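Remarks on the structure that follows.
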Amino acid sequence: MKLFVIGNGGREHALVWKLAQSPRVSKIYCAPGNAGIAQLAECVPVQVDDLPGLQAFAKAQSIDLTIVGPELPLSLGIADEFRKAKLRIFGPTRNAARIESSKSFAKELMVREGIPTAASRTFDSMDAAFMWLESCDLPVVVKADGLAQGKGVIICGTKVEAQEAVKSMLSDQQFGEAGAKVVLEEFLEGEELTVMAFADGRTVIPMIPAQDHKRIGEGDTGPNTGGMGAYAPAPLATPELQKRILEEVLYPAIRGLSRTGSPFYGVLYAGLMIKNGKPYTLEFNARFGDPETQVVLPLLQTDLLDIIEAVVEHRLDQIHVAWQKQAAVCVVLTSEGYPGSYPKGLPITGLPEKTTDSVVVFHAGTTESDGAVLTNGGRVLGVTALADTIRSAQQRAYASLAPIKFEGCYYRADVARRALSDLSEN
Ligand SMILES: Nc1ncnc2c1ncn2[C@@H]1O[C@H](COP(=O)(O)OP(=O)(O)O)[C@@H](O)[C@H]1O
Ligand SMILES: [Mg+2]
């Protein structure tokens, strides 16, 4: 089979890496890809939001199946367009992807289906939002309704901060269309957890629970990023909690979307806050998470193509998904200045010659020029290590990244530390 993967980050490298292991795959193309993906797939210079360009490529190359990494093309309706053109594609329709692309849509769904989540109100007028802020508890969370690349959520400790956040979205239009509505919600305390699941509109198969590290600084300090590292399985997710997440969050969401005529085919990502052992949903995403995918897919034993095809053909109930009894830790290496502005085009040295069973270096923001690998983004690499325990996977990940160098390279030295303290508490 000829596959076409859309995207250019660590998530897409992990997808291509896993799919390349399938005996049924003869060739993988990736648009636009990166230097790491180029070792496994043929990269084509088409951008992820160029829907006509992507479709023309899939037609011209007689692609058997297209797999979408990022949210942007999904929210633009790539799955609808491909299906209309009789091209097989893995990913939800535009309507189903609203579970990610509109936080107010997701909130309405959660309330309708009884999915536990923070109490919230949606506003499109400043006056009404300000009035509500007069009597709400603090801190309060202000969220832009639409896609904002992880920058649309502001946790406000005072009423004035909350007013400023609302104004930046509704009046100053700092988030463009994405900020035309705001969701104001109750602040939840607890520990965050990610559970991704395969879904075919009816059946839901959860993946191994993971935790990521959103903040730039050690000890979860400083501004939010796309994600500085991840580990799986998360010790926080006991079998009992996993069962609750499946029954109280994932199944109700999938059923609710089907009932309203927008069945969800793809990967549903639940971003959860665990408080007193109970899962509250902070948000849904309509695709694989990054960096979580870089720890979850290496633990997947089943052929990913078999699962993806079962989703596309709506027969996920016939699939058994098996996982390795190991732990995985991924440490993300970033450019100096990230998540603010950062340089590009710096040479990277010390990359391992080849991947092993226990260490894979996934590329995110990299490019190749005259045989040299150069930095090309904020998040540059994700170094994933597998071992029998989280602790040894963590040690292996840090040992493996030590030889990798580029000017200004930064990473958090405390990835997976929380898992170790959760383990010692249990
Ligand atoms: N109600 C809430 N209470 C506490 N923290 C929250 C709440 N909502 C969001 N957050 C924090 O903000 C982060 C981003 O929010 P999220 O809803 O996941 O939006 P996005 O990923 O689109 O930026 C979360 O990972 C969490 O750390
Ligand atoms: Mg999130």
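Annotations for the structure displayed:
- Placed amide H near T260: partners under 5 Å, 5+ positions off or other chain: none
- The smallest convex shape that holds all Cα atoms of the range 125-180, its convex hull, gives 65 Å³ per residue.
- Inter-probe distance in nm under a simple model that places probes 7 Å from Cα toward Cβ, at E240 and D127: 5.1 nm
- Range in the chain, longest, excluding exposed trypsin sites (Lys or Arg not before Pro) [loop by DSSP; at most 12 other beta-carbon atoms within 10 Å]: 87-324
- Positive dipole terminus of the chain, leading residue within F187, S262, L133 (C-beta point charges): S262
- Stokes-Einstein D for the range 313-402, Kirkwood Rh over Cα pairs, 4 °C, 1.567 mPa s (µm²/s): 87 µm²/s
- Ranking V25, G222, L423 by Cα position along the charge dipole of the chain, where only Lys, Arg, Asp and Glu carry charges on their C-beta atoms, puts V25 farthest toward the positive end.
- Residues with amide H under 5 Å from that of T117, placed H, sequence gap 5 or more: T281
- When only the Cβ of Lys, Arg, Asp and Glu is charged (+1, +1, -1, -1), the dipole of the range 113-240 relative to its Cα centre reaches about 260 debye.
- The label-point distance for A56 and L138, in a model that sets each label 7 Å from Cα toward Cβ, rounds to 5.5 nm.
- The Kirkwood hydrodynamic radius of the chain, based on inverse pair distances between different Cα atoms, is 21.9 Å.
Since every read-out is calculated from the coordinates, none of them should be taken as a lab result. Since we're looking at a predicted model, the values are computed, not measured. As a convention, Cβ positions derive from the backbone with ideal geometry for all residues, glycine included, and neighbour counts pool all protein chains shown.
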